Amino acid sequence: MNKRIVALTINGVDVQRKVASRMLLTDFIRDELKLTGTNVGCEHGVCGACTILLNGESVRSCLMLAVQADGYEIETVESLQNDNGTLNTLQQSFKDCHGLQCGFCTPGFLMTVTSFLKENEDPTEEEIREAISGNLCRCTGYANIVKSVQRTVQSQRTSKSLTEPVCHTDHKQNETVQIS
Amino acid sequence: MKPAVFNYIRPESVEETLQLLSDYGDDAKILSGGQSLIPVLNMRLSTPKYLIDIGRLEGLNYIREEGDHLSVGALVKHKDIESSPLVKELCPILGEAIRWVGTTQIRNRGTIGGSIAHGDPSAELPCVLAALRGEIVVASLEGEDVLSPEEFFLTYMLTSMQPDQVIKEIRFPIMSKKSAFSFVEVARTHGDFALAEAAVILETDETETVIKAQIAVGGVNPTPTVLEEVEDHIMGKKLTDELLTEVRRMTEGNVDPESDLHGTAEYRRELVGVLVQRALKTAGERVKKGAGRHE
Ligand SMILES: Cc1cc2nc3c(=O)[nH]c(=O)nc-3n(C[C@H](O)[C@H](O)[C@H](O)COP(=O)(O)OP(=O)(O)OC[C@H]3O[C@@H](n4cnc5c(N)ncnc54)[C@H](O)[C@@H]3O)c2cc1C
Ligand code: FES
Ligand code: FES
């Protein structure tokens with residue numbers, strides 16, 4: 001009873017493993033399946049670094065046992081890239097808008113925002129801030145993350161290629177900011 | 001921070017669950033959405049021998065209109081309450097309060113039964129259930145009991161549930177079309193537990209005199225608290241500024257919060273007074289506008 005077979009689909013691939021019942025889904029993904037894009041921060045549901053999609057909905061993988069995910073479809077940050085291996089629009093926008101610094105929180109943000117934008121294609125800034133309120137970032141101060149999301153929405157709306165002028169992150173302004 | 005070893009069991013029916021609980025008693029723990037229990041297991045604050053995963057049980061996942069109340073199965077997830085047209089139509093205060101429960105990721109997994117069973121005095125759902133005078137249906141092999149929030153919530157994180165019992169259903173009384181409501185809360189950030197919260201359901205007649213008032217607060221006493229004294233005090237009166245000031249004072253006198261890292265007892269006492277005042281004012285304006293239940 002304290003070992004069980006877990007069979008699930010991850011990023012489109014069917015996998016099956018026999019694991020300890022107490023194994024968290026995060027550890028299953030990282031240690032058993034070697035998909036280390038999903039990060040582990042707090043292991044009690046507060047930071048959001050471990051966010052994945054479970055049947056399309058964002059959930060904390062540290063607050064689930066692997067056995068609870070038996071039979072489900074899971075997507076992790078590794079699923080986001082385009083088929084040709086380039087960054088998808090959301091990832092590219094995070095890059096362009098400096099939506100990350102150390103990057104530890106980024107996989108969680110990307111998965112949260114992926115499911116959010118499926119439900120709300122044209123969010124207001126307030127809605128974006130609410131959507132990411134369950135993800136902590138210790139580096140960016142969130143402003144550039146919000147911009148990254150806005151830029152994604154904008155690119156998806158106009159279907160413009162991402163070689164067009166980048167987001168509103170004002171590098172000049174950043175450079176001239178004086179800290180007294 | 002990993003859970004200690006346990007035996008994982010996934011029963012197929014409520015009956016099987018009750019049998020397991022009856023066999024294992026204190027050694028067993030029910031796992032529903034896991035949004036409160038898994039952190040507790042991760043920190044090894046609880047080390048059950050048997051973990052009984054009821055998360056997939058058929059038959060405890062429904063929202064139904066039944067007579068004068070809305071019956072919500074214990075396994076209904078927060079997100080499903082949030083998007084339920086029936087909840088919006090018949091018990092809108094529940095739909096409003098649920099959005100304060102954690103963040104999207106938590107609400108995608110957390111269940112209503114778990115939120116009630118956890119017995120956290122600052123949780124939103126127990127407060128709303130208390131204000132509405134709802135009921136909790138618990139079952140064991142011996143049969144079912146229907147309990148009021150007062151009978152169910154005993155103190156901080158402690159309920160009257162026995163080890164062989166499971167919550168099957170929560171009953172939320174249907175709100176009158178003529179009533180208006182308000183749910184207000186202050187937390188450090190959205191998604192955090194409330195420092196204080198207030199739920200108000202209000203009805204007035206054509207002269208703007210209060211004819212029905214239901215008020216409960218959370219986060220400031222060991223259990224969600226119905227403010228009966230305040231309810232009685234405002235009946236038959238108009239919601240003037242003076243009355244609302246009296247309400248604030250009375251509220252402060254009816255709570256006994258504790259100090260912690262996030263706020264002192266004095267702060268919480270004052271805060272909850274202001275919140276009740278604010279919620280009553282908002283509800284009062286909503287009834288006046290005829291916004292009633294659909295605001
Ligand atoms: C970061 C974070 C923020 C949160 N913020 C809030 C918040 O603001 N407000 C809030 O209210 N909650 C909050 N929560 C808690 C969350 O709402 C939980 O989902 C909920 O309290 C428990 O529901 P669950 O289904 O996940 O229960 P579980 O975690 O599975 O179980 C919780 C407890 O209830 C028992 N239990 C569960 N179901 C039943 C049942 N049917 N019968 C008998 N016992 C049962 C379990 O044995 C366990 O003791 C937060 C959690 C996290 C991690
Ligand atoms: S690691 Fe899961 S929320 Fe922090
Ligand atoms: S980029 Fe470092 S925590 Fe977010």
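Summary of computed values
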quantity: So B:F193, is it modelled with pLDDT under 95 and within 21 Å of the chain's Cα centre (by Cα); calculated: yes
quantity: Those residues of region A:9-63 which are more than 16 Å from ligand 1 (Cβ to nearest atom) and among the aliphatic types (A, V, I, L, M), in sequence order; calculated: A:I10, A:V13, A:V15, A:V19, A:A20, A:M23, A:I29, A:L33, A:L35, A:L53
quantity: Conditions (1) under 23 Å from B:H78 (Cβ atoms); (2) under 16 Å from the mean Cα position of the chain (by Cα); (3) surrounded by fewer than 17 Cβ atoms within 10 Å (Cβ to Cβ); number of the one not met by A:G71; calculated: (2)
quantity: Positions within region A:129-152 being away from ligand 1 (no atom under 16 Å from the Cβ) and either within 12 Å of chain B (Cβ to nearest Cβ) or in contact with a Pro (Cβ under 7 Å, 6 or more places away or on another chain) (or both), in sequence order; calculated: A:R129, A:Y142
quantity: Residue count for region B:95-114, restricted to those that are in contact with a strand residue (DSSP E or B) (Cβ under 6 Å, 6 or more places away or on another chain), touching a residue at least 40 places away in the same chain (Cβ under 8 Å) and either hydrophobic (A, V, I, L, M, F, W, C) or within 12 Å of another protein chain (Cβ to nearest Cβ) (or both); calculated: 4
quantity: Residues being touching a Phe, Trp or Tyr at 6+ places or on another chain (Cβ under 8 Å) and crowded, with 18+ Cβ neighbours inside 10 Å - total across region B:139-162; calculated: 2
quantity: When residues of region B:7-45 are limited to those that are near ligand 1 (Cβ under 6 Å from one of its atoms) and within 11 Å of another protein chain (Cβ to nearest Cβ), the one surrounded by the fewest Cβ atoms within 10 Å (Cβ to Cβ); calculated: B:P39
quantity: Selection count, region A:41-52, where residues are more than 7 Å from chain B (Cβ to nearest Cβ) and more than 13 Å from ligand 3 (Cβ to nearest atom); calculated: 3
quantity: So A:D70, is it closer than 21 Å to A:T152 by Cα, at pLDDT 95 or above and acidic (D, E); calculated: no
quantity: Filter pass, A:Q92 being within 16 Å of ligand 1 (Cβ to nearest atom), crowded, with 16+ Cβ neighbours inside 10 Å and not aliphatic (A, V, I, L, M); calculated: no
quantity: Unmet requirement for A:S21, which otherwise passes all of (1) more than 12 Å from chain B (Cβ to nearest Cβ); (2) in contact (Cβ under 8 Å) with a residue 40 or more places away in the chain; calculated: (1)
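Rundown of residues vs (1) in contact with a helix residue (DSSP H, G or I) (Cβ under 8 Å, 6 or more places away or on another chain); (2) assigned by TED's automatic domain parsing to the domain that holds B:E203; (3) among the β-branched types (V, I, T), yes/no style:
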site: B:V101; (1), (2), (3): yes, no, yes
site: B:G110; (1), (2), (3): yes, no, no
site: B:G113; (1), (2), (3): no, no, no
site: B:G119; (1), (2), (3): yes, no, no
site: B:S122; (1), (2), (3): no, no, no
site: B:A131; (1), (2), (3): yes, no, no
site: B:E151; (1), (2), (3): no, no, no
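The values are calculated or read from the model by the stated rules, or taken from the named source; none is laboratory data. On a predicted model such as this, the values are computed, not experimentally measured, just so you know. Because the Cβ atoms are built from the backbone with ideal geometry, glycine has one as well, and the counts that use them run over all protein chains shown.
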